[in-house]
Amino acid sequence: MKYQPVIGLEVHVQLKTDTKIFCGCSTQFGAEPNSQTCPVCLGLPGALPVLNKKVVEFAIKAGLSTNCSITPRSIFARKNYFYPDLPKGYQISQFEDPICQRGWLDIPVEGQENKRIGITRIHMEEDAGKLVHGELSGPGDGSGVDLNRACTPLLEVVSEPDLRSSDEAVIYLKQLHQIVTWLGICDGNMEEGSFRCDANVSVMPVGSDTLGTRAEIKNVNSFKFVKQAIEYEIQRQIDLIEDGGTIVQETRLFDPNSGTTRSMRSKEEAHDYRYFPDPDLVPLVISNEWVERSRQKLPELPGQRQQRFIDDLGLPRYDAEVLTASRALADYFEAGVAAGGNAKAVGNWIMGEITRALNDRGTSIETCPVTPVQLAQLLKLIDTGTISGKIAKTVFDEMWQSGKAPQTIVEEQGLLQVSDISAIESIINDIMAANAGQVEEYRGGKEKVFGFFVGQVMKASKGKANPTVVNELLLNKLKG
């Protein structure tokens, strides 16, 4: 490849606070248009913003979790531009002194252990409203403005241009998404816009140190679309350069239906926004004590928990990564192990039967009707030979439906595993007598027939026969 992509991401993280960043209006999603507004949201003259302390606490958590320095004295600025959904004519944001600076995330990259992606800054800002076409203004082509989202608290996480492929961008984005949802500061719902991404993409000749002119792709709201948008934009720029054209700095939109980006407007430089300190908000002073209190309250982060699962519980790295996909999933797994379940077995059942059942019903681990303690009890019944692995799946399905303990289900339904040698021998003798031809085939060297006999015995015993005993007895009897 003659060209090297250069990618930086600006991620908008909507904070999971009950109220907005500068007023007491609700942040609940899906309310009637313009029902969650006040003079501050509406930008009415004389309305003064008051900073929500919870937003600051969430910002500090995000900064500490991404290895940022917390700025002792940060200020809010007015970012001036005109758009119909921006009632004040400016957005309150941060510019020269953001709350978090100079952080990084390490991401796994094929062919090397980790790649460090720099984080330039994390700053607090308010969201704009939303244009609604043909919904608020009655039938026809008119548009309306819903200001429920105006003043909703956001963090903007700006990476260095350290990403070199769409795959790296998605890995970084997923890791950041995992962290903010793990911390409980964002619900991570990309469809509702709670976590959305602007991608700055440029290309430069391989070996060059001079960055190319970048295009910014706005508001991409899924990992799949981020990958598609970046790949399309890389190829578009390469094709344009090779055809003798010139890349212009601009803002582009991604169309998921066509998989292409299209020009939206020429890109403004920072000075075009005429940033200046907001006179209605005093500087934010954050003491070392406040930072340290926040640091002490941080949970064990996903990467740390993964490593502990590997080091202390002996899990393979793949299992540890899957089981820390969310904090709730990791908590469920650990509760199952604490209740006496073997770590590998608990993990396998979570990644297998439990995940299957959750997906089938469109629910999440938080509402799983089988508790971690019940799962550990079920695994103990398998370990002690009380039930077989096959019967365990039947018991699990009943546990899911009824909420009963596994031991109760086994006793009520007569599912105890049969390990009595004489009883199993009797079944084997009957099956061998009924299948004399297959017996001769096995004794003639066709060992694959063995699986047929195991299946017949398990079928005749309704899955209750102890598989280990079945295999030992069959081997002896088939040898003649």
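A few comments on the model shown:
- A dipole drawn for the chain from +1 and -1 charges on Cβ atoms has a positive end, and of VAL180, VAL470, CYS197 the residue lying farthest that way is VAL470.
- Cross-link partners for LYS2 among the lysines, with Cα-Cα distance under 24 Å and sequence neighbours closer than 8 places in the same chain left out: LYS115, LYS227.
- Spacing of the modelled spin labels on ARG274 and PHE29, each 7 Å from Cα toward Cβ, amounts to 3.5 nm.
- Cα long-axis angle, helix 372-383 against the chain (0 to 90 degrees, to the nearest 10): 30 degrees
- Global form of the range 3-290, assessed from the alpha-carbon gyration tensor, a/c cut-off 1.5: oblate
- Using a Förster distance of 60 Å, the FRET efficiency for SER422-TRP104 (Cβ separation, nearest 0.05): 0.35
- Using alpha-carbon coordinates, inclination of helix 421-434 to the longest axis of the chain, degrees: 80 degrees
- Ranked HIS177, HIS133, criterion: other C-beta atoms within 10 Å, fewest first: HIS133, HIS177
- The slack in the chain from THR210 to ARG443, taken as 0.36 nm per residue of separation less the alpha-carbon distance, amounts to 76.4 nm.
- Highest mean packing first, where packing is the average number of other Cβ atoms within 10 Å per residue, the peptides 166-172, 39-45, 340-346 line up as 166-172, 340-346, 39-45.
- Calculated P(r) tail over 25 Å for the range 300-413, as whole % of Cα pairs: 19 percent
- In plain terms, the chain from THR355 to ALA328 could stretch by 8.4 nm, reckoned as 0.36 nm per residue minus the Cα-Cα distance.
- Fewest-first sequence of PHE309, PHE95 by Cβ atoms within 10 Å of each Cβ: PHE95, PHE309
- Tilt relative to the chain, helix 166-183 - C-alpha long axis, 0 to 90 degrees, to 10: 90 degrees
- The distance between label points at ARG295 and HIS133 comes to 4.9 nm (points 7 Å beyond Cα on the Cα→Cβ vector).
- Size of electric dipole in the chain: Cβ of Lys, Arg +1 and of Asp, Glu -1, about Cα centre, debye, nearest 20: 620 debye
- Across the chain, C-alpha contacts under 8 Å between residues 6 or more apart give a mean separation that, scaled by the residue count, equals a relative contact order of 14 percent.
- Relative contact order [Cα under 8 Å, 6+ residues apart], the range 300-413, whole percent: 21 percent
- Cβ-derived FRET efficiency at R0 35 Å, ARG308 paired with ARG262, nearest 0.05: 0.15
- Computed from the C-beta positions of LEU51 and TYR318 and an R0 of 41 Å, the FRET efficiency is 0.40 to the nearest 0.05.
All of the numbers you see were taken from the coordinates with simple rules; none came from a lab. Since the structure is predicted, the reported quantities are computational estimates derived from the model, not experimental observations. All Cβ positions, even for glycine, are placed from backbone atoms using ideal geometry, and neighbour counts span all protein chains on display.
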